[in-house]
Ligand SMILES: [Zn+2]
């Protein structure tokens, strides 16, 4: 298998998501290529192959959810808390900007009997998937579902059905070889209100065509694949949005995180007189605060507390 791909000229997709309507809006499709984004995730976290596959699938799913956001201020956070050795996995989508981490991205597991990476074993087959849509202005919408298999695509599909009553076909894939992400991408298909049964049947019939999405991406551009898979269903590309790995952490955000520790913890950091160094989970950027700066924060935390009373 690997041999074939190495001999073939690799198609270089830009990282983007296509929003596609079928049959005049009876169903919608999101088609995503995310190879460079997942490669950047590997670079930042030094992720093993199985962690790359898990993080890449999670980020690609989250990216497609991010595209569905309406408001500028909105973001979506998808967390998988399974009982596998990767620990908690989290991906955040700010429209086209994605960031992610896993508790232990260095986990290695033997391949499954069919030769594939054991993503389900690494994530764990018991646990919860949580989706938080931050609507801005302090408003959040939280949905949860059980992890079904830890293979992630099926967990997204189950989440949409259980938590949002929105049946969905989802495929997510990452093809990785020797730490190099060859192809990564995903597809999400949702029938919209009034979608006739025949169209749903058609989409289910065709689903094996894009089930192995990272393999399919080696055969054509997103536009070509759209034409091939949805021939006869009037596919219409409405929009294309670039996506990338981009962390939005800043000194100000880190400061807020420190202030949110509360007076007692801030005071004990000040008493230790070593300053405080915070490292971002998503990009490993470090931010250092001196004891004097911590004192100023304590003063802020104090005045904030009084203002709220
Ligand atoms: Zn960061």
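The values are calculated or read from the model by the stated rules, or taken from the named source; none is laboratory data. Quick caveat: nothing in here was measured; it's all calculated off a predicted structure. Note: ideal-geometry Cβ built from the backbone for every residue, glycine included; neighbour counts use all protein chains shown.
Quick one: which residue in 200, 187 is in a helix (DSSP H, G or I), under 20 Å from residue 158 (Cα atoms) and more than 16 Å from the ligand (Cβ to nearest atom)?
Numbers: 187 fails: in a helix (DSSP H, G or I).
Result of the check over 200, 187: 200.
Is it the case that residue 238 is surrounded by 15 or more Cβ atoms within 10 Å (Cβ to Cβ) and more than 16 Å from the ligand (Cβ to nearest atom)? Walk me through how you get there before you give the answer.
Working: surrounded by 15 or more Cβ atoms within 10 Å (Cβ to Cβ): no; more than 16 Å from the ligand (Cβ to nearest atom): yes.
So residue 238 does not fit the description; no.
In this structure, is residue 54 within 21 Å of residue 144 (Cβ to Cβ), within 16 Å of the ligand (Cβ to nearest atom) and at pLDDT 95 or above?
On the way: within 21 Å of residue 144 (Cβ to Cβ): yes; within 16 Å of the ligand (Cβ to nearest atom): no; at pLDDT 95 or above: yes.
No.
Condition test on residue 225, is it away from the ligand (no atom under 16 Å from the Cβ), more than 30 Å from residue 19 (Cβ to Cβ) and part of a helix (DSSP H, G or I)? Quick ask: steps written out before the conclusion?
Working: away from the ligand (no atom under 16 Å from the Cβ): yes; more than 30 Å from residue 19 (Cβ to Cβ): no; part of a helix (DSSP H, G or I): yes.
No.
Identify, from the list 157, 211, 184, the residue that is closer than 20 Å to residue 63 by Cα, in contact with a strand residue (DSSP E or B) (Cβ under 6 Å, 6 or more places away or on another chain) and surrounded by fewer than 15 Cβ atoms within 10 Å (Cβ to Cβ).
Details: 157 fails: surrounded by fewer than 15 Cβ atoms within 10 Å (Cβ to Cβ); 184 fails: surrounded by fewer than 15 Cβ atoms within 10 Å (Cβ to Cβ).
Just a single option satisfies the conditions, and that option is 211.
Being surrounded by 15 or more Cβ atoms within 10 Å (Cβ to Cβ), in a helix (DSSP H, G or I), more than 16 Å from the ligand (Cβ to nearest atom) and modelled with pLDDT under 90: is that true of residue 307 here?
On the way: surrounded by 15 or more Cβ atoms within 10 Å (Cβ to Cβ): no; in a helix (DSSP H, G or I): yes; more than 16 Å from the ligand (Cβ to nearest atom): yes; modelled with pLDDT under 90: yes.
No: the conditions fail for residue 307.
Quick one: in segment 241-258, of everything that is closer than 12 Å to residue 287 by Cα and in a loop (DSSP other than H, G, I, E, B), which residue is nearest to the ligand (Cβ to nearest atom)? First the steps, then the outcome.
Restricting attention to segment 241-258, the residues satisfying the condition of being closer than 12 Å to residue 287 by Cα are 249-255, 257-258.
Imposing the further condition that a residue be in a loop (DSSP other than H, G, I, E, B) reduces the set to 249-250.
Working: 249: 3, 250: 8 Å.
Checking each candidate, the answer is 249.
Just one of (1) touching a helix residue (DSSP H, G or I) at 6+ places or on another chain (Cβ under 6 Å); (2) farther than 20 Å from residue 284 by Cβ trips up residue 89, so point out which.
Unmet for residue 89, out of (1) touching a helix residue (DSSP H, G or I) at 6+ places or on another chain (Cβ under 6 Å); (2) farther than 20 Å from residue 284 by Cβ: (2).
Tell me which of these residue 171 doesn't satisfy, since it passes every other one: (1) touching a strand residue (DSSP E or B) at 6+ places or on another chain (Cβ under 8 Å); (2) outside any strand (DSSP E or B).
(2)
Specify which of the listed residues (176, 107) is farther than 24 Å from residue 32 by Cβ and surrounded by 18 or more Cβ atoms within 10 Å (Cβ to Cβ).
Values: 176 fails: farther than 24 Å from residue 32 by Cβ.
None of the others qualify; the one that does is 107.
Pairs under 7 Å by beta carbon, first residue outside the structural domain of residue 46 (by TED's automatic domain parsing) in segment 276-294, partner crowded, with 17+ Cβ neighbours inside 10 Å and assigned to a loop (DSSP other than H, G, I, E, B), six or more apart or different chains?
Pairs that qualify, where the first residue is outside the structural domain of residue 46 (by TED's automatic domain parsing) and the partner is crowded, with 17+ Cβ neighbours inside 10 Å and assigned to a loop (DSSP other than H, G, I, E, B), are 280/247; 280/249; 282/247; 282/249; 283/247; 283/249; 285/249.
Taking segment 266-288 as the search range and keeping residues that are away from the ligand (no atom under 16 Å from the Cβ) and surrounded by 14 or more Cβ atoms within 10 Å (Cβ to Cβ), which one is nearest to residue 55 (Cα to Cα)? Give the derivation first.
Here is the first cut: in segment 266-288, the residues away from the ligand (no atom under 16 Å from the Cβ) are 266-276.
If we keep only those that are surrounded by 14 or more Cβ atoms within 10 Å (Cβ to Cβ) as well, we get 266-267, 269-270, 275-276.
Details: 266: 33, 267: 37, 269: 34, 270: 37, 275: 33, 276: 29 Å.
Result: 276.
Counting residues that are more than 18 Å from residue 245 (Cα to Cα) and more than 16 Å from the ligand (Cβ to nearest atom), which strands (runs of 3 or more DSSP E) fully inside segment 58-106 reach at least 2?
Numbers: elements: 75-82, 88-94, 97-102.
Ranges flagged: 75-82.
As an exercise: evaluate residue 145 against (1) surrounded by fewer than 17 Cβ atoms within 10 Å (Cβ to Cβ); (2) at pLDDT 95 or above and give the number of the one condition it does not meet.
The number of the failed condition is (1).
Check whether at least one residue in segment 111-120 is closer than 17 Å to residue 80 by Cα and under 18 Å from the mean Cα position of the chain (by Cα), and report yes or no. Break it down stepwise before answering.
If we filter segment 111-120 for residues that are closer than 17 Å to residue 80 by Cα, which is where we start, we get 118-120.
If we keep only those that are under 18 Å from the mean Cα position of the chain (by Cα) too, we end up with 119-120.
Yes, because at least one residue in segment 111-120 is closer than 17 Å to residue 80 by Cα and under 18 Å from the mean Cα position of the chain (by Cα).
Being over 19 Å from residue 37 (Cβ atoms) and at pLDDT below 95, is that true of even one residue in segment 73-93? Before the answer, list the steps.
Step one: of segment 73-93, the residues over 19 Å from residue 37 (Cβ atoms) are 73-74, 81-85, 87-88.
From what's left, at pLDDT below 95: 73-74.
Yes, segment 73-93 has at least one match.
Filter segment 262-290 for residues that are touching a helix residue (DSSP H, G or I) at 6+ places or on another chain (Cβ under 6 Å) and part of a helix (DSSP H, G or I) and give the result.
263, 266, 269, 270, listed by residue number.
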